Amino acid sequence: MGNLIAGLRQWVFGRSLATLLTGIVLMAGLPASAIIVASSFENRRAGELQVREEMRNLTQVLIAIQNGVESQSQALLVALAHTGEMRGRNLPALNRLFASLLGDHPEMSNIFLTDAAGRVVASGLPAFLGVDLSDRGYFKAAMGSRGLGVSRFIFGRATRKPIIAFALAYTDAEGVLAGVIGLSYYLEGYERFLRGLKLPAHARITLLDVDGRRMVAYPTDSRFPLGEQATPHVWERCREASEDVGFFVDTRRTGEEGLFSFARLRLQPDLPPYMTVIVSSTRAEAYAQADAQLLRGLAQSLLALVLALFIAWAAGRYAVGRGIASLADAADRLAAGDLRARAGAEAGSLEIRRLGASFDAMAAALQHRERELAQAAGALAKMRSMLHNILESMPSAIIGLDGTGHVTHVNDTASRLFGLDKEAAMGRDAVASLPLLAGYMQTVEQALRERRSLVVEKLSLPQDGDTHFLDMLFYPLVANGAEGVVIRFDDVTDRERALEEKTVLLKEIHHRVKNNLQIILSFIGLQADDAEDPAERDRLRRLEIRIRSMALVHQQLYSHGDFAAIDLAEYLRVLTEGVCNVYADVASRVRLRLETESVRLPLDKAVPCGLLCSELLTNACKHAFPGERTGNLRVGCRQEGGFARIWVEDDGEGLPPGFDAAGGSGMGMTLVAELTRQLEGAASFSTPPGGGLRFEATFPVEPPQDAEEVVLATP
């Protein structure tokens with residue numbers, strides 16, 4: 001029996017060390033560890049998905065609640081609009097009816113009725129009678145859409161408490177808008193309702209109005225007051241999302257990573273959102289249970305691996321026991337710096353002997369490497385000296401910071417410019433050494449975090465009784481595991497002063513051009529007033545509008561100080577007002593709708609585009625609505641990639657039969673074609689589904705480009 005055991009032992013432990021240890025570890029520990037780890041991470045992922053699904057479900061619940069509030073409010077307003085008191089305009093009876101409803105519904109703050117001018121003529125709160133609501137957004141929205149309007153975050157003028165208001169436009173017997181009937185709810189009622197829901201402990205509910213201000217923030221937290229703007233980057237992600245319902249991960253206002261489930265609510269699919277619902281949670285709180293399960297799984301895996309290693313060690317000890325002493329002694333001598341140490345192992349397993357030979361070869365290689373490192377150290381010292389000389393000879397001021405914001409380098413230019421003692425500044429906190437940097441440490445962190453260069457322009461620095469301007473350039477450094485930022489200060493005083501002189505000169509030129517065109521407009525206006533022939537007066541009107549469109553370009557350039565481009569949306573708004581003032585008789589019968597988005601229009605495109613728009617608006621006002629005809633006029637613009645698109649659409653008479661828009665020989669059509677050619681664009685005429693005429697033109701503009709460096713404003 002003894003011989004059998006000895007033979008078996010020899011057979012098992014006579015294998016190579018790598019084969020023996022690998023087999024033991026794999027058999028004893030790795031399969032179980034792999035299963036435990038895989039199961040732990042799978043459970044972790046399932047926990048994450050469950051948390052996200054809970055947040056999405058809670059968002060859907062809040063959507064349903066708010067839709068119910070909206071539907072209930074609209075239904076109540078419609079019902080009130082059809083009551084006998086309303087049809088008979090019995091204001092005392094309406095006051096009593098509204099007061100009775102308020103008594104039955106304490107969640108409401110008021111029910112009211114206004115005239116077309118926005119003056120409250122009936123109210124459940126007597127103190128609210130006579131209040132002017134014409135400045136309220138919900139009143140304007142209801143009157144403008146002839147339907148339902150919802151307020152932003154507001155304080156009730158009677159209750160002085162945060163409320164949300166719904167208003168419904170109503171018409172008189174002749175179908176003319178007579179005012180709105182509205183009701184408002186206390187926002188604190190939302191919080192009472194939310195307290196009744198079974199919410200996850202980590203969830204936070206926020207309702208934002210159309211401007212991103214908090215209407216409801218539950219649970220209540222003094223860091224998130226009502227009426228204040230939501231965290232900018234979170235609001236931006238909700239507002240710019242392509243879908244009305246979504247989920248994303250971002251940084252909370254507290255600096256913690258958070259989960260956000262949101263939904264935008266609209267009164268109609270084609271209307272902008274009037275409210276945004278956000279369900280948020282810190283990532284740590286939301287995934288706490290899943291993380292705990294993961295840690296337990298990893299701990300179990302680690303325990304299994306430790307046990308497997310112990311088994312491997314216990315089994316391999318017999319095979320590696322011999323020869324270890326000589327290897328350990330040689331390793332100790334080598335660690336102490338004796339590169340002449342050699343193991344010379346001749347005992348132990350095959351691997352131990354090979355390891356001894358490899359150790360001796362390594363020691364010899366290290367000895368050779370030490371000689372090479374000594375030579376490289378000398379070369380490196382020369383290189384550092386050369387780099388130091390380069391930094392010191394640069395005309396720019398250079399300050400180096402490490403990843404913690406402490407000074408690592410100050411060149412002579414920076415020392416002279418800021419009066420720094422280089423020896424005292426080295427190793428100190430950057431703000432303590434140079435208080436000027438206090439406002440820019442976030443920029444330092446951003447440059448490190450995003451691994452890109454950032455620029456701060458026109459930093460003013462009083463010096464020698466004068467003000468100098470500096471550009472600050474932040475360069476991130478990441479090398480060999482060390483992080484830092486190099487800040488370069490360039491004196492741009494001469495450049496900025498020259499630029500300021502040119503800006504003043506350009507502004508004066510545009511101002512004088514605008515004034516000269518205004519004088520011409522005055523002369524034309526006088527001639528139009530004196531003209532007895534209607535045709536002559538009309539020609540002078542059209543000439544006045546064309547010149548005004550050019551003067552408006554210079555007015556925008558002068559007013560905004562940007563001499564390279566104008567905002568087409570703002571330009572169209574002012575231009576349409578001017579044309580409507582000239583054709584006031586038509587404007588009183590036509591409903592104008594602007595559908596503009598911000599388009600940056602370069603100067604060489606601004607004048608022909610303005611003339612084209614003024615010509616189209618003039619034609620629409622003059623020909624689309626003859627006699628006493630009423631209708632709608634839509635004017636819009638937007639940018640699509642590298643192209644700008646403008647359109648003028650009416651539901652008036654349309655083109656006469658047989659009229660060839662492309663081959664028209666009249667001055668108006670000729671001017672439209674020529675201006676389109678100058679814009680290097682394409683134009684088209686079409687008939688909308690409801691009749692009338694739509695003109696649309698597209699032309700190339702320079703698309704917005706992302707700069708490689710972010711230009712930051714000085715504080």
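The values are calculated or read from the model by the stated rules, or taken from the named source; none is laboratory data. Keep in mind the model is a prediction, meaning the values are calculated, not measured. Note that each Cβ is placed from the backbone with ideal geometry, even for glycine, and that neighbours are counted across all protein chains shown. We work out accessible area using only protein heavy atoms, side chains counted, and drop any ligands, DNA or RNA first. Shrake-Rupley method; radii C 1.70, N 1.55, O 1.52, S 1.80 Å.
Residues whose amide H lies under 5 Å from that of residue 596, counting only those 5 or more places away or on a different chain, are 637; hydrogens are built 1.01 Å from N in the peptide plane. So how far, in whole Å, is the C-alpha centre of region 194-249 from the one of region 67-87? Between the Cα centres of region 194-249 and region 67-87 lies a distance of 29 Å. Remark on residue 133: its backbone amide H falls under 5 Å from those of 119, 120, a criterion applied only to residues 5 or more positions apart or on other chains, H modelled at 1.01 Å from N.
If R₀ is 45 angstrom, what is the calculated FRET efficiency for the pair residue 71 and residue 438, using the beta carbon separation as r and rounding to 0.05? Display every interim value, and only then the final one.
Working: r = 53 Å, r/R0 = 1.19.
E between residue 71 and residue 438, to the nearest 0.05, is 0.25.
Determine the sum of side-chain charges near residue 702: Lys and Arg each +1, Asp and Glu each -1, restricted to other residues whose C-beta is under 10 angstrom from that of residue 702.
Values: positive: 600, 605; negative: none.
For residues surrounding residue 702, the net value is +2.
Using the Cβ of residue 651 as centre and a radius below 14 Å, the other residues enclosed give a net charge of +3, where K and R count +1 and D and E count -1. Note on residue 609: accessible area is roughly 0 Å² with a 1.4 Å probe, heavy atoms of protein only. On a per residue basis, the convex hull of the C-alpha atoms belonging to region 180-262 measures out at 131 Å³.
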